[in-house]
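Read the figures in this text as sums done on the coordinates, not as results from a lab. No experiment lies behind these values; they were computed from the predicted model shown. Neighbour counts run over all protein chains shown; Cβ positions are idealised from the backbone, glycine included.
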Amino acid sequence: MIALKILLGILIFVLFLLCLKLTIRIGYSDKVTVSAGILGIMLQVLPKKKKAIKLKQYSYKNYQKLLEEDQKQKVKEAQNKLKKEDKKKKNAESKKQDKQKKLPPEEATDAPSSIRVIIRIAGKILERFFGILYVKIVRMHITVGGKDAASAALTYAAISQSVSYLMELISCKTRFKRIGKTEITVYPDFLLETVKADICIIFQIRLIEIIGVGLYALWHYIREKNAMTPKTT
């Protein structure tokens, strides 16, 4: 009974973990920021945090260690160069021997059909993946400028149209949500010479759904592979 209770507890814990949502937050203002996490615990992925400078690193002992490591690295580099030269000589000799021996021609493969199968499977996987993806728009403010009024107007038209297409695609193909009174705005500013943006988007997906997409892809791959193999009577 105790063993069954332990197994049930482990299974419940695993199911709980699989039902959690993996959150990825992507933002852009002056630079791209990416953070990921679970249960509100977020870790910054990009940009990487700079390591704090410690005064202990600048001691005389550490300086001696750095010199020793530098010398060891130089010795390793010299050894690696010698190994590479030996490999090049051996490869040149083996190529000469291979040229002398004529190999039989390889059987022709049906490359176009395999490429079509890969594209078909990739399309189904992407459709399935985007169908279970949660997308939340926190903010999207874009200010469009240009070198002159004409270029600013053309850039504004292109960006506003692209944003409308993007929002239509997200709302149709994903589980789209707006947070609160989020505004998605694209403004022209003829005094600016560049385009400025303040964007924050959150993507969420359950871990069990990621496994489901993987199994879905594997099933389609096996199905397409069996369909490609010729049937014997």
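Fewest-first ordering of 139, 116 by other beta carbons within 10 Å of each residue's beta carbon gives 116, 139. Projecting label points 7 angstrom from Cα along Cα→Cβ for residue 65 and residue 191 puts them 5.5 nm apart. The distance separating the Cα centre of region 1-52 from that of region 155-222 comes to 21 Å. In the structure shown, the pairs 49/136; 147/196; 31/147; 48/124; 76/96 are assessed against 24 Å; a Cα-Cα span above that value is assigned to 49/136; 48/124; 76/96. How high is the FRET efficiency between residue 94 and residue 18 when r is their beta carbon distance and R₀ equals 45 Å, given to the nearest 0.05? Efficiency computed from Cβ-Cβ geometry: 0.35.
Taking other C-beta atoms within 10 Å as the exposure proxy, 143, 185 rank 185, 143 from fewest upward. The trypsin sites (Lys or Arg not before Pro) of region 147-206 that DSSP puts in a loop, and whose beta carbon has at most 11 other beta carbons within 10 Å, are 147, 181.
Under the Kirkwood approximation applied to all pairs of distinct alpha-carbon atoms, what is the hydrodynamic radius of region 150-207 in Å?
Result for region 150-207 stands at 13.6 Å.
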